[in-house]
Structure formats: C-alpha cells, structure tokens
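Below is one structure, written out as structure tokens; the observations come after it.
The values are calculated or read from the model by the stated rules, or taken from the named source; none is laboratory data. The model shown is predicted, which means the values in this text are computed figures rather than measured ones. Note that we place each Cβ from the backbone using ideal geometry, even for glycine, and neighbour counts take in every protein chain shown. These area figures cover heavy atoms from the full protein model, side chains too; ligands, DNA and RNA do not enter into them. Shrake-Rupley method; radii C 1.70, N 1.55, O 1.52, S 1.80 Å.
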Amino acid sequence: MSDNARNIDQIIAMCGREEAAAIPILQAIQHDYGFISKEQMKEVCSKTDIKENRLFGIATFYSQFKLTPSGENLIRICKGTACHVRGADNLIDVISEELGIGIGETTADNKFTLETVACLGCCSLAPAIMINNEVYGKLTADKLRGILNEF
Amino acid sequence: MNSKLPQSVLLKVGMGTCGIAAGARAIYDKLEEQVKNFQNIEIDYTSCNGFCHLEPLIETIIKGKTLLLANLSAEQIPFLLENLTNKKLLSSKVLVIEKDKKLKGQNRIVLENCGIINPDKLNDYLEKDGYVALKKVLNNISPEEVIENIKKSGLRGRGGAGFSTGIKWDLARKAQSEQKYVICNADEGDPGAFMDRAVMEGDPHRVIEGLIICGYAIGASKGYIYCRAEYPLAIMRLRKAIIDAKESNLLGENVLNSGFGFEIIIKEGAGAFVCGEETALIASVEGQRGMPRIKPPFPATKGLWEKPTNINNVETLANIPWIIRKGADSFSALGTEKSPGTKVFSLAGKIKNAGLIEIEMGVSLRDIIYGIGGGSSTNKEVKAVQLGGPSGGCIPAEMFDTLVDYESLMSTGAIVGSGGMVAVDEDTCMVDLAKYFLQFIQSESCGKCTFCRIGTKRMLEILTRMTEGKSNMEELNKLRALAQNIGVASLCALGKTAPNPVMTTLRYFESEYLEHINEKKCSTGVCKALVIYTIDEQKCIGCTKCAKNCPVDTISGSLKKPHYIHQEKCIKCGNCEKVCPVGAVSKL
Ligand SMILES: Cc1cc2nc3c(=O)[nH]c(=O)nc-3n(C[C@H](O)[C@H](O)[C@H](O)COP(=O)(O)O)c2cc1C
Ligand code: FES
C-alpha cells in the first residue's frame with residue numbers, strides 16, 4: 001500500500017461512476033494498494049453504476065489486476081521472444097534458487113513476488129527484467145544476483 | 001577549467017527506457033555533478049536513437065561531426081569532459097563512433113527526431129518543424145484534401161495488417177455522425193518489438209500531431225491513446241506533451257484559433273495482448289473485458305460507443321506530419337510501388353547491433369541482418385529471423401534475399417507485422433520456438449472461439465510432447481491439421497494467425513521436428529528433457545563436486561574415482577556440468 005493511498009470515494013471522484021470507469025478505478029486501487037480486495041470491489045459497485053459481476057469479470061480478465069497482495073517488491077521477468085532466445089528461463093532458475101520462489105509466488109518475508117511479463121520493450125538489452133518500475137537489461141546470473149542483493 | 005573549447009558543446013544522454021536500463025541515469029548524474037567545473041559544456045537528455053547496443057551513450061556534435069560516445073560508464077565521465085575536443089585521446093579510453101557511419105543503409109522519417117531532441121521540450125520539436133503540418137492543414141487544407149493526400153502517399157497501416165490509411169480515413173470521414181473518435185493504438189503487444197515505445201518516448205509530439213490531423217480529417221473532436229501499462233515512461237512523456245500542447249493552444253477547444261476543437265485522453269492498458277486488436281481495444285476503452293467482436297461493422301462505421309471511429313497504429317500516425325510537410329509524392333517516391341515509405345524495425349535476439357532501425361521498404365533481409373545488424377552476436381551463425389511475433393513466421397537464412405515489403409514477406413509465410421525482428425542462431429531450437437509462441441497465444445487467447453481456445457491448447461500439448469521425446473509422426477499430421485483448422489475457424493486475427501509460427505518452422509525446419517520425433521534428440525540442447533548428461537571417465541578426477549551438487553542424488557562414485565550419472569533419476573538441471581572443474585561433464 002502506498003503511503004498516500006486514496007480511499008474508494010476519492011478514487012471514484014477521480015475516475016467517474018459510469019461503466020467505462022471500471023478499468024481506471026481498478027487501476028487506481030491496484031496502484032495504491034498493490035491488489036484489489038473483494039470488499040473494495042463491493043464498495044465500488046455500491047457507489048457506482050458498475051455491476052458486481054461485470055467488475056469481477058474485468059478484474060479477472062486483465063493480467064495487471066491482482067486479487068491477492070504481492071510482496072513489497074514485484075519482480076517481473078520478461079518472457080518476450082528476444083528474452084526467451086537469450087535465456088530468460090535461466091534467470092527464472094536463478095531467482096528460484098536465490099529466493100526460493102517460483103512464478104506467481106511471494107517470499108515468506110513478503111519481500112519479493114515473482115511474475116512474468118510478455119515483453120518490456122527493452123528487447124535489445126535482452127534478457128531483461130523489471131523490478132517495480134525499473135527495467136534492468138543485459139542480465140547474467142551474476143548481475144541478477146547482485147541486483148537482488150541491493151534490495 | 002576547460003578553456004580549450006571554442007564553442008559550447010552540448011552533450012545529450014540517451015534516456016529512453018533502454019538507455020536507463022543500461023545505466024544512463026548514473027551517467028547523467030555524474031555529468032551533472034562534474035559539468036560545473038567546465039565552461040562551455042552543456043548537458044541535456046534525449047531518448048533512444050536506436051543504437052541500443054551502444055547504450056549507455058552520449059550524442060554530441062564536435063567540430064561539425066555528430067559523434068556517439070558509447071558503452072559509457074560513470075567513471076569515464078571526468079576523463080571524457082577533460083578531453084572532449086581531443087578525439088584521439090578520447091577514443092583511447094572511450095568508444096567514439098561517427099553517427100553517419102552507423103546510419104548507413106537507413107532512411108529516417110519516423111525516427112528523424114528520436115535521440116536528437118529532448119522529448120520533454122515542446123520547443124525542441126517546434127525547432128524541427130514540429131506542428132508545421134498541423135498549421136498548414138488548419139490554415140488551408142480541407143479535410144477531404146488531407147485524405148486525398150494520404151491516399152496519394154500510399155501509406156499503409158504499420159500496425160500489422162497493412163491496410164491503406166487514406167481509404168480508412170475516408171470511410172470514417174463519410175460515416176454520418178455528430179460524434180466521432182480517433183484512437184492511437186499504442187498497445188504494442190508483440191513480444192520482441194519496441195518501435196512504438198521508442199517513438200512515444202523519443203518524439204511524443206509527433207504522435208500527437210498525427211492524431212490531431214487525423215481527427216481533423218475525419219471530423220472527430222476527441223482522441224484516445226491506448227498505451228500498454230508496461231511502458232510507464234512513454235505514458236509519462238505523452239502526458240507531459242499533452243499538457244504542453246494544450247498550453248500552447250495546439251490542443252483544446254479552439255486549436256490555433258482555427259475553430260477546430262480537439263482533446264486527447266490517455267488510456268492505460270491492463271496487460272492483455274488481445275487488446276491490441278481494434279475491436280477488443282474499443283471494448284477495453286469502454287470499460288469491458290477486451291474481447292474482439294465480428295467485423296463488419298467496422299470501427300469506421302460503428303466503433304467506440306457505437307460511433308464512427310478511426311484506429312491507427314503509433315508509427316502510422318507518426319508518418320502523417322512528414323507526409324503533409326513534404327508532400328505525398330516525396331513519400332511515395334520512397335520504398336516500393338506497393339509498399340511505399342519506410343518501416344521501423346526493432347532488431348533483437350542473437351544480433352550484434354540490436355536496436356531500432358528505419359529502412360525504406362524493399363531492402364533485403366540480408367542487408368538488414370548483416371549490413372545494418374552486423375550479423376550474429378554469438379560465435380554461431382544466424383539461422384533464421386522471426387518477424388511479426390506470434391502472428392508471424394520464421395524465415396531461414398537461405399532466404400535472406402527476400403525483400404522486406406508486404407507482398408514479398410507474405411509469400412514466405414511470414415509478415416511485415418508490426419516490425420519486431422528477432423534473429424536466432426544455431427543454438428536456438430525451432431521446435432522450442434514454435435512451442436514458445438503457442439504458449440504465448442494460449443495464455444493470451446480471450447477464450448471466445450473454441451478453435452483458438454482449445455485448438456491452440458492441443459497444438460501446445462503436441463509440441464510439448466515433441467520437446468520431451470514423447471511424440472510420433474501421427475501427431476505431426478494432427479499438428480498440421482489443427483493449424484489449418486484454427487486458421488479458418490477463429491474470429492479475430494489472434495487465432496487466425498496463431499498457427500503461423502508452427503507452419504513456418506515446419507516448412508523451413510522440418511528436419512528439426514523429425515529429429516525430435518524420431519531420434520528423440522534436440523541437437524541444440526535447448527529441450528532439456530532430451531538432453532543426456534554424461535561424465536567422461538578419462539577426464540573425471542573424482543572430486544565428488546558433481547555428486548554433492550546433484551539435487552536428486554543420481555550421481556555415484558567415490559573420491560578420486562570416475563563418477564557416473566544414473567539416467568533414470570536425472571532431472572537435467574545441468575548442475576553437474578556447471579560445477580565440474582575439469583569439464584568432464586558433457587551434454588549429448
Ligand atoms: C491479436 C492482435 C493484436 C494486435 N496488436 C496490435 C498492436 O499492439 N498495435 C497495433 O497498432 N495494432 C495491433 N493490431 C492490429 C489492429 O487490430 C489494427 O489493425 C491496427 O491498430 C490498425 O492500425 P493501422 O491501420 O495504422 O495499422 C493487433 C491485431 C490483433 C489481431
Ligand atoms: S522480449 Fe524481453 S524486453 Fe522484449
């Protein structure tokens with residue numbers, strides 16, 4: 001959860017009450033809280049024109065939305081074509097070894113969550129990963145270990 | 001104090017997402033800290049100039065020559081500042097490259113400002129004739145004439161399908177409605193492609209200018225830019241550009257006091273590849289699940305909120321200001337007759353000069369891969385190039401004389417696509433690559449069509465068995481049949497083109513499939529299940545390291561005696577090969 005997380009009323013005031021606001025509302029909740037809880041979805045629906053089944057349908061369709069909390073730092077390993085042919089799978093192995101988590105999992109100390117992403121648009125620096133909003137490129141196993149240690 | 005500099009020198013750090021990922025921020029910080037000690041040196045930042053393999057880099061003009069100071073580290077900065085004008089001294093410690101030489105073979109229209117201007121400064125764009133096209137259009141060209149112009153230029157959509165932009169605009173123009181919309185498709189979902197990201201980050205006003213002109217031409221007062229959320233920097237720079245454009249009355253209720261009103265809203269994607277498809281994108285903007293629908297009706301007649309809507313790709317729109325400024329004829333003079341103009345490609349994979357390039361249509365793949373791309377980045381030869389991502393195909397090295405234009409590439413089974421070009425070398429397994437794309441399609445299919453949802457799953461299962469040595473020839477035939485049926489029976493192009501990577505690898509690399517099926521072997525060593533690790537008894541010194549590091553205890557042998565791997569339990573993790581101090585472990 002970010003320090004100045006907006007409450008649902010504030011988010012609705014910003015994004016609107018109509019159906020088209022559904023995705024921006026979810027994005028705002030995801031951004032501020034790191035995930036979207038059932039209670040938050042209920043609250044949104046009680047205060048807007050969006051139906052509950054619709055909102056849940058949207059939340060589960062888009063991969064950006066998380067219905068369970070992630071760790072403090074979100075590691076996203078690129079599984080794009082360029083990264084794939086330059087050994088992205090090895091990076092997943094390194095993270096699994098170092099942090100003891102697989103894809104979709106969070107470390108016991110809640111420090112890291114590991115996910116994959118389709119492409120970061122840094123294909124010329126493949127293999128690449130994104131931690132929070134920062135992209136790291138031209139990775140090797142050692143470089144990745146070094147980066148993880150900085151957190 | 002550096003008094004040797006007669007004129008002031010401007011150092012521009014390449015700060016696109018790629019530059020930053022390569023370490024450009026540290027370079028910029030160091031420059032900022034050190035530059036105070038020097039007179040006549042100024043610093044600024046720009047975005048990606050396409051030479052990603054040289055990042056982090058600085059672009060500068062010294063004695064009339066544009067130079068790239070490449071692959072920098074922060075430690076080099078003090079020396080660099082001291083010796084800027086002494087090229088000989090400089091190149092003794094810093095990689096110095098003349099930009100013109102690097103640009104050989106390219107012709108930059110869309111990228112003309114990328115890596116040169118500061119994308120956050122409207123003035124920089126204005127100095128490069130920015131918004132001149134908009135002024136020209138609003139002052140003395142009617143919407144119909146604009147459309148005629150674009151038709152005459154021959155511009156075709158750069159988002160993949162290659163449809164005539166002028167004809168599309170015309171349809172939207174002729175649709176009767178009070179309210180119309182224009183949308184810039186910045187979803188750039190093809191993995192391995194980053195042209196649109198670079199254009200938005202490097203020259204955001206150009207995309208905005210293109211979109212405003214498009215709105216004027218079809219009669220829309222509202223435009224959307226649908227950008228994928230994985231591009232935070234592009235979104236940030238677009239936002240800033242929109243604010244600046246509004247302040248200068250280039251956007252708003254009365255653009256440049258012409259009476260034409262136009263606003264732009266940015267919509268962030270939420271991580272769904274299928275939302276790049278235009279009808280799914282529209283559904284997503286409306287706040288629904290991003291599911292494609294049947295066409296017709298086309299968006300030009302019934303699009304966003306059922307209103308006539310024109311959707312164009314980022315690069316398509318980025319071409320517009322240039323065409324208006326320089327004339328349709330200048331554009332159609334470039335490229336080939338049927339595919340005029342230029343195309344931006346992103347070069348990635350096993351290629352030396354990875355980055356962004358812009359070439360005239362009609363150049364051969366060979367000239368791109370070996371001429372501009374510099375060939376393989378490894379000690380193995382380039383084996384094939386993958387174009388067009390999951391909808392595209394692989395073209396083998398024997399066919400690199402193929403010309404890059406819509407028709408020629410289509411005849412190979414691949415497509416121009418959005419412009420992703422991924423080179424693979426002899427260490428890449430083509431069966432694994434086909435499997436990779438099907439995995440991608442599988443996870444991104446919206447699930448609406450049975451053939452796309454379940455057919456691709458069956459294909460993936462067969463390919464997975466092939467990579468595990470558990471398949472047979474019958475399944476190969478099944479794979480072919482599935483590929484054909486999925487192509488016919490899917491609603492949108494995601495499903496229709498999903499079999500392409502399999503079809504093209506089967507066509508050009510059938511022997512690799514047969515090897516996996518009949519010999520249960522993967523000569524590239526990529527398919528782990530087919531790899532057999534063995535220990536050379538002659539070389540083994542019996543240090544026991546491999547046995548100690550084996551996670552499943554399947555290596556036996558006593559101290560100072562040759563060790564042995566029991567294959568039944570081996571999980572092919574490769575640990576033994578990694579830890580062996582004498583290289584006694586090898587893959588078969
Ligand atoms: C599955 C799928 C994904 C697509 N993704 C994109 C994309 O990321 N960017 C894009 O411009 N077009 C994409 N398209 C093509 C669009 O549907 C549409 O043709 C294009 O935006 C039209 O713009 P253009 O005429 O300027 O090329 C995609 C199509 C399909 C079927
Ligand atoms: S393929 Fe990994 S960044 Fe594009």
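Overview of results
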| read-out | value |
| --- | --- |
| Of all residues making up the range B:489-504, the number that are of a type in the set (S, T, N, Q) and within 16 Å of ligand 2 (Cβ to nearest atom) | 0 |
| Only one of B:Ile320, B:Ile311 that is surrounded by 24 or more Cβ atoms within 10 Å (Cβ to Cβ) and assigned to a helix (DSSP H, G or I) | B:Ile320 |
| Hey, B:Gly374 within 14 Å of chain A (Cβ to nearest Cβ) and open to solvent by less than 50 Å² (accessible area, probe 1.4 Å) or not | yes |
| Single residue of B:Thr534, B:Thr524 found to be assigned to a strand (DSSP E or B), open to solvent by less than 60 Å² (accessible area, probe 1.4 Å) and of a type outside the set (Lys, Arg) | B:Thr534 |
| Hits in the range B:145-167 - residues which are away from ligand 1 (no atom under 12 Å from the Cβ), open to solvent by 20 Å² or more (accessible area, probe 1.4 Å), assigned to a helix (DSSP H, G or I) and of a type outside the set (S, T, N, Q) | B:Glu145, B:Glu148, B:Lys151, B:Lys152 |
| All positions within the range B:241-278 that are farther than 14 Å from B:Ile225 by Cβ, part of a helix (DSSP H, G or I) and at the interface with another protein chain (Cβ under 10 Å from one of its Cβ atoms) | B:Phe273, B:Val274 |
| Hits in the range B:468-491 (condition: in contact (Cβ under 8 Å) with a residue 60 or more places away in the chain and under 28 Å from the mean Cα position of the chain (by Cα)) | B:Leu491 |
| Close pairs (7 angstrom Cβ cut-off, 6 or more residues apart or separate chains): at positive phi in the range A:131-151, more than 15 Å from ligand 2 (Cβ to nearest atom) anywhere | A:Asn132/A:Asn73; A:Asn132/A:Leu74 |
| Per-region count, the range A:97-142, residues within 11 Å of chain B (Cβ to nearest Cβ) and either within 16 Å of ligand 1 (Cβ to nearest atom) or of a type in the set (Ser, Thr, Tyr) (or both) | 9 |
| Filter result (more than 9 Å from ligand 2 (Cβ to nearest atom) and in a loop (DSSP other than H, G, I, E, B)) within the range A:78-118 | A:Gly87, A:Gly100, A:Ile101, A:Gly102, A:Ile103, A:Gly104, A:Glu105, A:Thr107, A:Ala108, A:Asp109, A:Asn110, A:Lys111 |
| Residues within the range A:88-127 that are open to solvent by less than 10 Å² (accessible area, probe 1.4 Å) and free of Cβ contacts under 8 Å to residues at least 12 places away in the same chain, tallied | 1 |
| Tabulated pairs, the range B:157-168, first closer than 13 Å to B:Val314 by Cβ, second among the hydroxyl-bearing types (Ser, Thr, Tyr) and within 16 Å of ligand 2 (Cβ to nearest atom), C-beta under 9 angstrom, 6+ apart or interchain | B:Arg158/B:Ser418; B:Gly159/B:Ser418; B:Gly160/B:Ser391; B:Gly160/B:Ser418 |
| Where A:Lys38 falls short, out of the listed (1) over 13 Å from the mean Cα position of the chain (by Cα); (2) within 12 Å of chain B (Cβ to nearest Cβ); (3) basic (Lys, Arg) | (2) |
| Counted residues, the range B:450-476 - those being open to solvent by less than 30 Å² (accessible area, probe 1.4 Å) and either more than 24 Å from A:Gly87 (Cα to Cα) or part of a loop (DSSP other than H, G, I, E, B) (or both) | 7 |
| Filter result for the condition that a residue is outside the structural domain of B:Asp196 (by TED's automatic domain parsing) and crowded, with 19+ Cβ neighbours inside 10 Å, over B:Ile58, B:Ile97 | B:Ile58 |
| Residue satisfying condition, being among the acidic types (Asp, Glu) and under 29 Å from B:Tyr370 (Cβ atoms), within set B:Asp120, B:Asp129, B:Asp124, B:Asp100 | B:Asp100 |
| Within the range B:50-86, tally of residues that are within 19 Å of B:Val35 (Cα to Cα) and either of a type in the set (D, E, K, R) or assigned to a helix (DSSP H, G or I) (or both) | 10 |
| Of residues in the range A:21-45 being out of contact with any helix residue (DSSP H, G or I) (no Cβ under 7 Å at 6 or more places or on another chain) and of a type in the set (Asp, Glu), the one most open to solvent (accessible area, probe 1.4 Å) | A:Glu39 |
| Candidates B:Asp170, B:Asp190, filtered to the one that is of a type in the set (D, E, K, R) and away from ligand 1 (no atom under 12 Å from the Cβ) | B:Asp170 |
